[in-house]
1. May I ask you to sort 57, 62 by Cβ crowding, counting other Cβ atoms within 10 Å and putting the fewest first?
2. Using the basic label-point model (7 angstrom from Cα toward the beta carbon), what is the residue 224 to residue 101 distance in nanometres?
3. How would region 42-123 be classified by its alpha-carbon gyration tensor: rounded, prolate or oblate, with rounded meaning a/c under 1.5 and the a/b versus b/c comparison settling the rest?
4. How many nm separate the modelled label positions at residue 267 and residue 247, each set 7 Å beyond the Cα in the direction of the Cβ?
5. Looking only at region 242-280, which residues have a backbone nitrogen under 11 Å from a spot 7 Å from the Cα of residue 151 in the C-beta direction?
6. Residue separation times 0.36 nm, minus the C-alpha to C-alpha distance between residue 52 and residue 143: what's the value?
């Protein structure tokens, strides 16, 4: 009787359950409609939870309106991402498209090394998902502009299975690096190439090429992270995508060369510069050692 006297009370709840009931009797797509409504309700609940998590963990840098103008933004370099209209660098999708939900969760989970963006590994998984959904909700056109993930092949076995194989790939990659990357990243990958001066991002903020000799770049530390950056490019920066410019094999060769640069900086190699004669000498030495080892057994 109380509901009859106050017909406006619990209107939202009645509307939800009425809609849910109707979705179950629509033929032949009732089950599908029910699933869609339940997913919509679940997503909306997660987005609200994501907003709460954002205000707790992200507002200080990214701002209450997620425009990158939080209280701590002025002290940071690079500046926090404008999540409402800014470009997203780290994606598994083609250049010019928005990242997937999984891309956002990955960035939340691992953070961005060499920047003020920390990792949130300790957050419960449902909170990371909620945060990612909230970020997507800030752009009404997200689904329209979200890209399809590109095919990221596994790391070729020969790329790192032996020193010789690695250096042969790195030597091939060196020639491609000098052709496409040296201008910005410099001869040793330090980010000090002749074209590195005066670069700006899409927001007209100063930007420097990555120091590739470091053990990890902002997108991550693995070979696949580096491959993804080269293949898809970094939106909002001068870093282009090389999909369609180089083949998968050629991009892996560039990755091998970058890993060689890291090893060289760490004094892993006993030669100064990687070149044809160095690789030929190492192959000759390895062959001689193999021959000596196979002929010296059984005594």
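1. Ordered from fewest to most neighbouring Cβ atoms within 10 Å, 57, 62 come out as 57, 62.
2. The modelled label-to-label distance comes out at 2.0 nm.
3. Working: a/c = 1.38, a/b = 1.06, b/c = 1.31.
Verdict is rounded for region 42-123.
4. 3.9
5. 248
6. 30.5 nm
Taken together, the values in this text are just the output of simple stated rules run on the coordinates, not laboratory data. For clarity, every value in this text was computed on a predicted model and none was experimentally measured. Note: ideal-geometry Cβ built from the backbone for every residue, glycine included; neighbour counts use all protein chains shown.
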